[in-house]
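Student: Please find one structure pasted underneath; my questions will follow.
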Amino acid sequence: MKSEGLATLISKLKDNQRNTVVFDESTEMERVRFSDIYETVSLVSQQLRALGVDMGKQVAVIAENGKSAFIVDLALLNIDCTVLQIPEKNAKSALDVIGQDNIAYLLASALYEDVVESDSWEPLGKICGLSLFKNRAFLNASNAVPGPVIFSSGTSGKEKKIRVNNATVLPNAKQFFSAIGARQDDSFLIFLPLSNYQQKLLIYGCIDAGVDIVLSDMQQVMQALKRASPSLFLAPPLFYDAMWRLADGDEEKLRVAFGANMRQMWSGMAALPLAILTGYRAAGLPLLEAYGMTEYGPVAVNTLHHNRPGSVGRALTPGSVTLESDGEIRLKSSLRLTCGYVDQPAEVEQAVYLDETLIATGDVGHMDADGYIFIEGRKNDTIITSGGQKIHPTSVEQSFNSLPFVQHAVALGACRPHLGMLLIVEQIDSSARQLIESTISEYNIYASVPIRSYFLSTEPFTPENGLLTRNLKLQRKNISSRYETSVFS
């Protein structure tokens, strides 16, 4: 399925000699003009076609962030293939979930060639530093689809496959870059894995808007901030929290860590404690919050000129955000990023994709008179006590997340007469306990349901141990299963 939007995206590289891509990889930092990127993309496109990779094919890519992954993605778009970017951490299982019957070719970096089974994939050689394999069982026919399969962050504890609509990718990117007032002298640092489609959306938006790109990875991001000194940056809340702790609240250290040119940076995926937002602002770092949904795309954003701390900003499309009577946020747009789920029961899809344009987010919140959106939590995370009272856990957790030594605060109390707090801390000592007990006492003064117990742990929350999603959100069901007995004992 030809997407004029993405074809236009590639052509915008051709005559742009002003903007550049910086590839910050390990010990090297390479700067390449957009026009030179175009020449390389054109050459790689020819090489792929010569080996049989052509229009309509679905091609899987398993590669860490870097020049090879960047060039190959654009080359595959250039020849109108569908790019399935495979999450590196669980590449084998992701390939199994997508199904080999749906993949014509596979490109893998040296780090991930071991997941490619030789009896299923025929090696064809190297393309742009990646090994190209042909599916031995794939029938030589186009399997036209509207866009690639991506994975949700799995807030329910189960990841879902979602189909992107290529026709709406560029309109979503344009809308975000227009809202933030991106300039031609900006540079955007992108470091999360490209299997997170938000990162590709940012790359495509930069190319379209004529904004420099700095491409790094999670291991090199702090180095890239210093060496490339970008002006735009987006990261999950845990990153900003970790940087705040590393700087020990020192404003000068924080400014140095983010480089000399930072103009705007955003946090998404989960709420940031107000104390962290305030600390960054005091350091002269414009940290803002934004809101998006994998199924929908970018939803709302705070900007330099329109910012309300504590909110996720105003809707990118006026009138696209509405609230149900129970506070659930719903999104309406004909340009939503995705078409629907893949291989999910009808009732699962219909619970989210309500009609051709309307999506139920599962988030609960409110809007103020000026249209700023405030997220209170997940609808399914609402704690219902034994007395029938409903409490959104994030409203309880906010005070504890503001404590400097608390890494995660999780409120528990379903079917119980009172609440309990799980607190993941750097170390357990008497001073931590005193401050936590003082915070509990302050909370209980005005609380309709008091906190009567708490439990401290130093166990980190990670996606690997099942306590965070891939997008670094709390896996509340897993956390409750593991810790509830300890909290209330």
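The values are calculated or read from the model by the stated rules, or taken from the named source; none is laboratory data. A quick note: this is a predicted structure, and the numbers were derived from the prediction, not measured. For neighbour counting, all protein chains shown are included, and Cβ atoms are generated from backbone atoms with ideal geometry for every residue, glycine included.
Student: When region 438-458 is examined, which residues are found to be loosely packed, with under 12 Cβ neighbours inside 10 Å, in a helix (DSSP H, G or I) and not charged (D, E, K, R)?
Tutor: Within region 438-458, Ser438, Ser441, Ile445, Tyr446 meet the criteria.
Student: Now a separate question. Within region 308-318, is even one residue surrounded by 15 or more Cβ atoms within 10 Å (Cβ to Cβ), free of Cβ contacts under 8 Å to residues at least 40 places away in the same chain and of a type outside the set (A, V, I, L, M)?
Tutor: no
Student: Among the aromatic types (Phe, Trp, Tyr), in the same structural domain as Gly313 (by TED's automatic domain parsing) and free of Cβ contacts under 8 Å to residues at least 60 places away in the same chain: which single residue out of Phe176, Phe188 fits that description?
Tutor: So the residue among Phe176, Phe188 that is among the aromatic types (Phe, Trp, Tyr), in the same structural domain as Gly313 (by TED's automatic domain parsing) and free of Cβ contacts under 8 Å to residues at least 60 places away in the same chain is Phe188.
Student: On to the next question. What tally of residues in region 24-59 results from selecting those that are buried (at least 16 other Cβ atoms within 10 Å of the Cβ), over 15 Å from Asp73 (Cα atoms) and among the hydrophobic types (A, V, I, L, M, F, W, C)?
Tutor: Residues in region 24-59 being buried (at least 16 other Cβ atoms within 10 Å of the Cβ), over 15 Å from Asp73 (Cα atoms) and among the hydrophobic types (A, V, I, L, M, F, W, C): 2 in total.
Student: Search region 459-489 for residues being hydrophobic (A, V, I, L, M, F, W, C) and part of a loop (DSSP other than H, G, I, E, B), and hand back the single one that is surrounded by the fewest Cβ atoms within 10 Å (Cβ to Cβ).
Tutor: The qualifying residue surrounded by the fewest Cβ atoms within 10 Å (Cβ to Cβ) is Leu472.
Student: Which of the helices (runs of 4 or more DSSP H) contained wholly in region 194-247 include at least 2 residues that are closer than 22 Å to Ala60 by Cα?
Tutor: In region 194-247, 197-209 are the helices (runs of 4 or more DSSP H) which contain 2 or more residues that are closer than 22 Å to Ala60 by Cα.
Student: Which one is nearest to Val364 (Cα to Cα) among residues in region 319-334 that are among the aliphatic types (A, V, I, L, M) and buried (at least 18 other Cβ atoms within 10 Å of the Cβ)?
Tutor: Ile329
Student: Among what's in region 407-424 and is over 23 Å from the mean Cα position of the chain (by Cα), surrounded by 22 or more Cβ atoms within 10 Å (Cβ to Cβ) and not small (Gly, Ala, Ser), pick the residue that is nearest to Asp248 (Cα to Cα).
Tutor: Leu423
Student: For Pro146, all conditions in the list (1) touching a helix residue (DSSP H, G or I) at 6+ places or on another chain (Cβ under 7 Å); (2) part of a loop (DSSP other than H, G, I, E, B); (3) crowded, with 21+ Cβ neighbours inside 10 Å; (4) not charged (D, E, K, R) hold save one; what is the number of the exception?
Tutor: (3)
Student: Right, something else. For region 404-433, what are the residues that are in contact with a Gly (Cβ under 9 Å, 6 or more places away or on another chain) and either in a loop (DSSP other than H, G, I, E, B) or of a type in the set (Lys, Arg) (or both)?
Tutor: Within region 404-433, Pro404, Gly413, Pro417 meet the criteria.
Student: Here's another thing I want to ask about it. Listed residues Ser68, Ser93; which is assigned by TED's automatic domain parsing to the domain that holds Val41, of a type outside the set (A, V, I, L, M, F, W, C) and in contact (Cβ under 8 Å) with a residue 12 or more places away in the chain?
Tutor: None of the others qualify; the one that does is Ser68.
Student: Let me ask something else. Can you pull out the residues in region 369-404 that are of a type outside the set (A, V, I, L, M, F, W, C), closer than 17 Å to Ile424 by Cβ and either touching a strand residue (DSSP E or B) at 6+ places or on another chain (Cβ under 7 Å) or without any contact (Cβ under 8 Å) to a residue 12 or more places away in the chain (or both)?
Tutor: Pro393, Thr394, Glu397, Asn401
Student: Select the helices (runs of 4 or more DSSP H) contained entirely in region 1-92, then report the ones holding at least 3 residues which are modelled with pLDDT of 90 or more.
Tutor: Because the criterion is at least 3 residues that are modelled with pLDDT of 90 or more, the helices (runs of 4 or more DSSP H) in region 1-92 that meet it are 34-50, 67-78.
Student: Right, here's the next one. Of all the residues that make up region 272-291, how many are within 30 Å of Ile162 (Cα to Cα) and modelled with pLDDT under 95?
Tutor: Here the count works out to 1.
Student: Of these, Arg255, Arg227, Arg245, which one is surrounded by fewer than 19 Cβ atoms within 10 Å (Cβ to Cβ), touching a Phe, Trp or Tyr at 6+ places or on another chain (Cβ under 9 Å) and not polar (S, T, N, Q)?
Tutor: Only one candidate qualifies: Arg245.
Student: Could you please find all residues in region 102-114 being surrounded by fewer than 18 Cβ atoms within 10 Å (Cβ to Cβ) and either touching a helix residue (DSSP H, G or I) at 6+ places or on another chain (Cβ under 8 Å) or farther than 22 Å from Leu194 by Cβ (or both)?
Tutor: The one that is surrounded by fewer than 18 Cβ atoms within 10 Å (Cβ to Cβ) and either touching a helix residue (DSSP H, G or I) at 6+ places or on another chain (Cβ under 8 Å) or farther than 22 Å from Leu194 by Cβ (or both): Leu111.
Student: Of the conditions (1) at pLDDT 80 or above; (2) crowded, with 16+ Cβ neighbours inside 10 Å, Gly125 fails just one. Which one is it?
Tutor: Here Gly125 meets the rest and fails (2).
Student: Going by the structure shown, is Ser311 among the hydroxyl-bearing types (Ser, Thr, Tyr), within 22 Å of Ala182 (Cα to Cα), touching a strand residue (DSSP E or B) at 6+ places or on another chain (Cβ under 8 Å) and at pLDDT 90 or above?
Tutor: yes
Student: Being touching a residue at least 24 places away in the same chain (Cβ under 8 Å), farther than 26 Å from Val61 by Cβ, basic (Lys, Arg) and surrounded by fewer than 22 Cβ atoms within 10 Å (Cβ to Cβ) is true for just one of Arg163, Arg183. Which residue is that?
Tutor: Every option except Arg183 fails the conditions.
Student: Report whether or not Glu122 is in contact with a strand residue (DSSP E or B) (Cβ under 7 Å, 6 or more places away or on another chain), outside any strand (DSSP E or B) and over 23 Å from Phe191 (Cβ atoms).
Tutor: The answer is no for Glu122.
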